[in-house]
Amino acid sequence: MTGYTYTEVGATRHEPLPPGYRHLHYRTYLGRDVFDCAADAILTFRMHRATGARISSDAQRAAPGVRVKVGLGPVTAPCEVVWVAEDPDRAGFGYGTLPGHQATGEEAFTVERDADGKVWFSVTAFSRPARPLMRLGGPFAVLAQHLYARLCGRALRRLCARSRTVDP
């Protein structure tokens, strides 16, 4: 796997996350009967777009090798999808940073249905600054990553609530 700015490619798929990075673990409850909607929104990058982020990708759906650029304000972050899960009770993907990204590391967005039928959204990431803007941002950069995870959760909840109010 070439082009990534870190060596622990795929490490967001399973715990523990690699040492030497800041770790992010965010989890929020989405509801019941929203798994299919949430999985589709994550895998088609609709969740990201619903946060207000500018998303461009070389495919409509997440798959290993798909390149994604996430734009927030003046910053554009190039990434590549590393892994995808599309199981009956777990779906999502992880993408890794490419040259030009402000950070180095990996971030995963998943939705899971537990044994009780509750649906949970999670963001798991490991990262460290790669460029001056991120280094200068220090604690603000960490806060921004946490806020984006929460924004994704809210966007996903909103998208799935909306889909349940539409008649088939």
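The values are calculated or read from the model by the stated rules, or taken from the named source; none is laboratory data. Just so you know, these numbers come straight off a predicted model, no measurement behind them. Positions of Cβ are generated from backbone atoms using ideal geometry, with glycine treated the same way; all protein chains shown enter the neighbour counts.
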(1) surrounded by 15 or more Cβ atoms within 10 Å (Cβ to Cβ); (2) in contact with a Ser or Thr (Cβ under 8 Å, 6 or more places away or on another chain); (3) modelled with pLDDT of 85 or more: which one isn't true of GLU80, the others all being true?
(2)
Please note which strands (runs of 3 or more DSSP E) are completely contained in the stretch 68-119 and include at least 3 residues that are touching a helix residue (DSSP H, G or I) at 6+ places or on another chain (Cβ under 6 Å) and under 25 Å from THR7 (Cα atoms).
90-97, 103-113
Considering GLY31, GLY52, GLY65, GLY20, which residue is within 24 Å of TRP120 (Cβ to Cβ), part of a loop (DSSP other than H, G, I, E, B) and small (Gly, Ala, Ser)?
GLY52
Every residue from the stretch 1-15 that is of a type outside the set (Ser, Thr, Tyr), in a loop (DSSP other than H, G, I, E, B) and modelled with pLDDT of 95 or more:
GLU8, VAL9, GLY10
Note on the stretch 1-20: residues touching a helix residue (DSSP H, G or I) at 6+ places or on another chain (Cβ under 9 Å) and under 12 Å from GLU107 (Cα atoms) are LEU17
Would you mind finding the one in SER122, SER127 that is in contact with a His (Cβ under 8 Å, 6 or more places away or on another chain), among the hydroxyl-bearing types (Ser, Thr, Tyr) and either part of a strand (DSSP E or B) or modelled with pLDDT of 95 or more (or both)?
SER122
